[in-house]
Amino acid sequence: MASTLTEHLRALPDGALAAVFSRRPDLLTPPPTDISALAARAQSRVSVARALDGLDLFTIEVLDAARLTRDPRDGGTTSLAAVLALTATAEAEQVRSAVRRLQDLVILYGHTTECVGQLLRHDQDISILVLASGTGKEGPGPLVSMFGATVQSIPVTIVPGNFTDEQIDALA
């Protein structure tokens, strides 16, 4: 996982970075000199407070759950599974939506592939990983590329991304 916000911002495609600027316009005034200055500004108390001002109470509570579930053994990271466990009384999709809002604002950050890898390392109850391959010109997708290229501690099944639900059910 990108260990710093600077690394995360540096890895974002141009379109994703532009989306961050549209959600947090204060990051552009005055124009940052480089990505490190942008990351420092994004983490400043004033900028974070502005970003949090527009959030509902539930999303703030999810952010608090993410803070409380940080694992010091992994550099202070957390996982969606840990946040979901702490917010067990809420609907999982509502929690995921709040996490996406926080990621869109770069209040929380991290790459899906690395977050899934972290989840697999810590959750011994997961016994198989099933992934759908991408169908576009971009290739199979980041998860398939990551998990298909290395030996895993659990079986990984990759199904074509254009399979219908019925075709997937027929495999079982």
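Structural remarks
- Pairwise FRET efficiency - residue 88 versus residue 168, Cβ, R0 = 22 Å, nearest 0.05: 0.20
- If the chain linking residue 158 and residue 67 were pulled fully straight, counting 0.36 nm for each residue of separation and taking away their Cα-Cα distance, it would gain 29.4 nm.
- Net length available on complete extension from residue 11 to residue 29 is 4.3 nm, with 0.36 nm assigned per residue and the Cα-Cα distance removed.
Read-outs throughout are calculated quantities, based only on the coordinates presented, and are distinct from any laboratory measurement. Small disclaimer: the values here were computed from a predicted structure and weren't measured. For neighbour counting, all protein chains shown are included, and Cβ atoms are generated from backbone atoms with ideal geometry for every residue, glycine included.
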